[in-house]
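Shown next, in structure tokens, is the structure this report addresses.
The values are calculated or read from the model by the stated rules, or taken from the named source; none is laboratory data. Computed from a predicted model, the values in this text were never measured in an experiment. Using ideal geometry, Cβ is built from the backbone for each residue, glycine included, and neighbour counts are taken over all protein chains shown. Surface areas here come from the heavy atoms of the whole protein model, side chains and all, with no ligands, DNA or RNA. Shrake-Rupley method; radii C 1.70, N 1.55, O 1.52, S 1.80 Å.
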Amino acid sequence: MIDDYPAHDAHLLPPLKSDAPPPGLPGWGHPAWSATKLISALGAFSLTLITALQPLLLDELMPVPFELAGTINAQIVVLAQAVTLAGLTLVGERQNRYPRTAMISMGLLAAFGGTVLTPFADSVDLILGFGGLIVLFLLRVPIMLGIETAQMQIALLEGRRKRPGDHDGVYAGRLMMMVIGGVVIGGVIMQVPNTGAPIEAVLMIPALALLAAAFIAMRMLRFRVQEPYVDLSGRFGRIWEVVSEEPRLQLGMAAAFFVRADLALMALFLSLWSSSYADLGGIPRTHAIAHAGLLLGWLGLMTLIAMPFWRMALTRSPRIAMIGAALSLMAVGNLLLGFIAHPFEWRILLPLAMIGVGQAGAIMAPEVLTAKLVPQELHGQARGLFQLIGGAGVILMLQSGGRHFDAVGPTAPFLLIGSGLILITLYAFWLIAHHERHTIRRAPLRPLILLVAMLPLIWLIGRAMISGYAPGAALNQMPVAFITRGLGDWAIIFMVLSLALRPAREITGINHLSRYARIIGLYAFFYAGLHVLSYAGLERLLNWGDVLRDMGQRPFILFGVAGFMMLTVLALSSSRRIARHWKIKGRDWKRIHRTVYVINILLVIHYLMAAEPENGEPWLFAVVVAGLLYYRLRAGWRRRQVQRGY
């Protein structure tokens, strides 16, 4: 087993150079590296299969209303992914303390336990009494966190082993194994429910795969590694410096953000789309899930075939142009899915093939860019950063995709992510134009942030433009309350992000994060303003008497109005010209902007009171805001203790 010495024993180790491989780490020909590929493939296979079978599982355990199928299925994945991101951050902070393979094997065993218990969520609910959906979410957390912890630790081990001049075949090989296991084999196994096998038996297949992966980790990774203590916050700061100065890495981050979201979106919403059409057409759901598996298998096959060609193109051709081409293929394929009437049409194979070929390039891009542009000693951390960014993409895209699936139509999630990919492709073209004129030396992140921030607005405008051309795309089919809620959700997302920047800066040591607090806060105000305008203009038609009566009947509106008024003051005082006109000096300005904590509390209360009981997203925001407030209060208390000499 790999035994990395804990941090408190680091003084017993001989001094090592930061770019030297740890003593005991074997060469690439060692069977252990083949084992890591197999472990990655089994993990990807299990996670994809569990996600794709989730609609069928929910239908068996607790039938979900047809009009909420997309939201509830997406929420389970989104909430679990959010907890997973927090867990991966905690693991990253403590990875110097524990052996890497201990984290790999324990993560896989935790995922095995969650998978085994998932078919019996109703029985677990009888014991715990939490509610079926909450139990499913709680069981999904160890599955996702365990698998992603194992994947991250394998990436870190590979990053520590690679030396200048080594070939990149080991990384490409692991990625290809993950595609084979996650999409191709997963699609084949999805045919099993159509044979009449119960869902409990089908879910034992990924459970056994995870158990086998844990056994392989414990038996095959049997070498001892001496790893020196590493200041991870310093390495995060260096990673940020590298990314902020290299536009190709920024584009690679965008590719990781969308390709991971696209993979999760395809696994979940192809199954949901097939199931919803099956309900309308009288087709058994097991047959629909099997058909979705065939579509996923076709998608994975196209990805697998295209990966060697993309690897060659990314190595020999201009990388920005190649990444832009990959993203544009994904964008066109997703947009074309919006014009497919149902998933049983043969025409669906063409857009899926385009998506698969584009995904191959987007999957390979972060690996190739890391190998070519990132300093050797930071390779593991760079891959960890790409994994975290991909997890954030899953949260944002699936959160919006689930609601759009229910409110607009089954193809709406594909149009949503296709719109985002179009924006990132435009960013790639902008980078190409500036590189040709050699005008970029230090690439700012603001254009990329702007494109991501404008995605919800572009989506609404796009729906209006294609009205009447795509199936289910008429704007009058999109409920006004859905538009209002969507804009409000994005407002609170940006508010929470602005609140999280300071803890992120202090934990990671990336001081440049503070530069983006103002612009992210202004985007929060922008969407909050659109949220208010949508409510007053579209829902109440500027009938102020009606608005006042609604406030009396639904008190949560008062909390939202109070938060918006305070946010307006914050946004106005962010302008230097207005701050000078109002004679707001430094200390007063800081006092005004500390109200961001009060605003977040008011908005969370507004969201909790307004949401339906089955909606778990407000509770996620409440937990995140409570954690950030606790961090801030604890940091302030510690600072006062230091000032007093304790």
| field | Set 461, 466: member being modelled with pLDDT under 75, open to solvent by 60 Å² or more (accessible area, probe 1.4 Å) and under 20 Å from residue 397 (Cβ atoms) | value | 461
| Only one of (1) surrounded by fewer than 17 Cβ atoms within 10 Å (Cβ to Cβ); (2) touching a residue at least 24 places away in the same chain (Cβ under 8 Å); (3) not polar (S, T, N, Q) fails for residue 564. Which number is that? | (1)
| Is there a residue being part of a helix (DSSP H, G or I), out of contact with any Leu (no Cβ under 9 Å at 6 or more places or on another chain), polar (S, T, N, Q) and within 20 Å of residue 461 (Cα to Cα) anywhere in the range 390-404? | yes
| From the options 369, 398, 385, residue that is open to solvent by 20 Å² or more (accessible area, probe 1.4 Å) and in contact with a helix residue (DSSP H, G or I) (Cβ under 7 Å, 6 or more places away or on another chain) | 385
| field | Which numbered condition residue 141 misses (of (1) at pLDDT below 85; (2) under 21 Å from the mean Cα position of the chain (by Cα)) | value | (1)
| request: For residue 498, indicate whether it is open to solvent by 20 Å² or more (accessible area, probe 1.4 Å), touching a Leu at 6+ places or on another chain (Cβ under 7 Å), assigned to a helix (DSSP H, G or I) and among the small types (Gly, Ala, Ser). | output: no
| said: I need every pair where a residue in the range 371-393 that is among the charged types (D, E, K, R) has its Cβ under 7 Å from the Cβ of a residue that is not in a helix (DSSP H, G or I), sequence separation at least 6 or different chains. | reply: 377/18; 377/19
| query | Residues 353, 341, 321: which one is within 24 Å of the chain's Cα centre (by Cα) and not β-branched (Val, Ile, Thr)? | reply | 353
| field | Matching entry among 475, 497, 445, 451 (being modelled with pLDDT of 80 or more and of a type outside the set (Phe, Trp, Tyr)) | value | 497
| query | Limited to the range 219-254, what total is found for residues that are within 21 Å of residue 154 (Cα to Cα), charged (D, E, K, R) and either open to solvent by 60 Å² or more (accessible area, probe 1.4 Å) or modelled with pLDDT of 65 or more (or both)? | reply | 4
| task | State whether the residues of the range 341-348 include one that is closer than 23 Å to residue 250 by Cα, surrounded by fewer than 22 Cβ atoms within 10 Å (Cβ to Cβ) and either of a type in the set (Lys, Arg) or in contact with a His (Cβ under 7 Å, 6 or more places away or on another chain) (or both). | result | no
| For the range 309-321, how many residues meet the condition of being in a helix (DSSP H, G or I), of a type outside the set (Phe, Trp, Tyr) and touching a residue at least 24 places away in the same chain (Cβ under 8 Å)? | 7
| message | With the requirement that a residue be closer than 11 Å to residue 52 by Cα and either open to solvent by 10 Å² or more (accessible area, probe 1.4 Å) or touching a Gly at 6+ places or on another chain (Cβ under 6 Å) (or both), what does the range 273-307 give you? | response | 293, 296
| field | Tally of residues being among the β-branched types (Val, Ile, Thr), at pLDDT below 85 and under 18 Å from residue 320 (Cβ atoms) across the range 390-423 | value | 0
